[in-house]
Structure formats: C-alpha cells, structure tokens
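Okay, so here's the structure we're looking at.
The values are calculated or read from the model by the stated rules, or taken from the named source; none is laboratory data. Note that the coordinates shown come from a computational prediction; the quantities given were computed from them, not determined experimentally. Positions of Cβ are generated from backbone atoms using ideal geometry, with glycine treated the same way; all protein chains shown enter the neighbour counts.
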Amino acid sequence: MTYAKEFFDLQLQFAGRVSELGAIPLQTTLLDFTNLYVRFVGDRKFDGNSPVWTAYLAGMVRETDLCDWTYRFYRQRPHRIRPASVVETFGCFSYAIEHPDRIRLHFHNADEGRYGPLSEERSAARLSELTSLVNHVRSQHRTVRQVAGVSWLYNLPAYRRLFPECYVATAKVAANRFRNMPLWGQFLNRHGHIRKDAVALFTRRLNGQTSMDELAQCFPLQPLSVVASIEAFHEFYA
C-alpha cells in the first residue's frame, strides 16, 4: 500500500512545529518525531548516519518544496508492509519474537474485500487468523509465555473484541512513540488515505501548542501497550 502525500505533509507539519517550540534543528525533529525514517530506511535503528537517511536530508538542502521532496523520496523507496523482525504472517496479523518468552503482535490491512478489516462482517476471519497464529507460536516456540502489543487500535471496540478481556484490560499509554506507526497510523484509513476528522483535530491542537510539554496530547488517540499470557489467548480462541 502506498500512503497518501497528506500523511507525510502532516508529519512534516508536526516536525516543524516541534522544531519551533523546542528550538531543535528540523533534521533532528524529522528523525525523532516522525515515522519518516521507518518509511524510508525500513528498519528501527534510527541511525542518523544511514545512507538512505542522509540522502533524504541532502535533498532538503537543494529542494525548495520540502513536502514535495519528501513524498517523491518516499515513492522511490520500497514500501515495506511489515517490520523486518516479523517471523510469520497470518492474514492481517503477524508476530515478532520480542524476547525468548514473549511475542509482539502486529496488524496491517491485508483484507481487500468490500468490508473493512475490523468490521463485524470480517471479525470471524480475524479471529481465525489469530487462532492460527497462537497455535503456530505454541507449537513452534515453546518458550513463549506472553503476547504483547502496542497500537492506537486498542482504543477501538472493534479491535479489542478480537482479544481476551484480560489482555485489553492491561492497556496503558505507551509514551514517546513519535517515531512509530502505533501512533501515526490513526491518521490513515484502510486505503492509505488520511482520515480528515482526525487530522483536523490534530491540527487544531498542534496550532494551540505553546511548549514542548504534552506533545502527545495533540494526537486524538494514544498508543496503548497490552500484554497477557499466551494461555489466555489459547483459551479465548478455543
């Protein structure tokens, strides 16, 4: 999926405002307060000396329109759907090994049907995918004891209903996620276009921001961190 230009414009707007509020170089806020590095480079190392990242920054010097340059640079890069750390994928869900005893869930829209991936009509398909994922982990990674996740999606009842109650009950705000899609993904719909209502609220809050304090409160939804035992998942899907 190719994301819309407005998604990148929004991040540039945020980075520019943070640069003003904190008297921080724009190059720094682009690295630390946007998802651009991940979209361009593809890893989560956030290496400011990465050849791909330095090429992007070099282009900023010669280009007059930063928004246009950013989107052209993005379109030239491979569009990775999932993190490189992902082990296996089951439909819209995948997992990575976070620790020998813990996996981390990831979600991406791989459902191209007429209904949204989290719609009532597609909930059975999502539950089937999660059931297969959990069974696979229990058979292939016997040391795994926990399942964890971080996403803005845990704010949505349509997403929470796919998981054990004890899992979503542990939800707490995951701070300092400015670099990650678990925060920025809330501005995209399932087709990769921006969600105008969310963007309007974000922009209004950002324009009213007068300091570096509580920058995360500009975002309509906060990313939530959750964790539960893999046995709780097994019992729930069984």
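Only residues that are under 17 Å from residue 177 (Cα atoms) and aliphatic (A, V, I, L, M): list them for the stretch 9-57, please. 10, 12, 15, 18, 30, 31, 36, 38, listed by residue number.
Residues in the stretch 114-171 that are touching a Leu at 6+ places or on another chain (Cβ under 8 Å) and hydroxyl-bearing (Ser, Thr, Tyr): 123, 151, 154, 159.
Determine whether the stretch 42-52 contains at least one residue that is touching a Lys or Arg at 6+ places or on another chain (Cβ under 9 Å), closer than 22 Å to residue 209 by Cα and assigned to a helix (DSSP H, G or I). No, because not a single residue in the stretch 42-52 is touching a Lys or Arg at 6+ places or on another chain (Cβ under 9 Å), closer than 22 Å to residue 209 by Cα and assigned to a helix (DSSP H, G or I).
Residue 182 meets the conditions (1) within 24 Å of residue 104 (Cβ to Cβ); (2) touching a Lys or Arg at 6+ places or on another chain (Cβ under 7 Å) in every case but one. The failed one is (2).
For residues that are in a loop (DSSP other than H, G, I, E, B) and in contact with an Asp or Glu (Cβ under 6 Å, 6 or more places away or on another chain), scanning just the stretch 104-123, find the one that is surrounded by the fewest Cβ atoms within 10 Å (Cβ to Cβ). Applying the filter and picking the extreme gives 115.
Listed here are the residues, each with its yes/no results for (1) at pLDDT 95 or above; (2) exposed (fewer than 13 other Cβ atoms within 10 Å of the Cβ).
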| site | (1), (2) |
| --- | --- |
| 1 | no, yes |
| 9 | yes, no |
| 41 | no, no |
| 71 | yes, no |
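Residue under question is residue 190, and the condition is that it be assigned by TED's automatic domain parsing to the domain that holds residue 21, charged (D, E, K, R) and farther than 26 Å from residue 103 by Cβ; does it hold?
So residue 190 fails the test.
Could you check, for the stretch 42-55, whether at least one of its residues is under 20 Å from the mean Cα position of the chain (by Cα) and among the aromatic types (Phe, Trp, Tyr)?
Residues of the stretch 42-55 that are under 20 Å from the mean Cα position of the chain (by Cα), as a first pass: 42-47, 53.
Applying the additional criterion that residues be among the aromatic types (Phe, Trp, Tyr) yields 46, 53.
Within the stretch 42-55, one or more residues are under 20 Å from the mean Cα position of the chain (by Cα) and among the aromatic types (Phe, Trp, Tyr).
Within the stretch 124-159, the set of residues being hydroxyl-bearing (Ser, Thr, Tyr), surrounded by 15 or more Cβ atoms within 10 Å (Cβ to Cβ) and out of contact with any helix residue (DSSP H, G or I) (no Cβ under 8 Å at 6 or more places or on another chain) comprises just one member, 132.
Only residues that are touching a residue at least 12 places away in the same chain (Cβ under 8 Å) and out of contact with any Ser or Thr (no Cβ under 9 Å at 6 or more places or on another chain) were counted across the stretch 152-163, and they come to 5.
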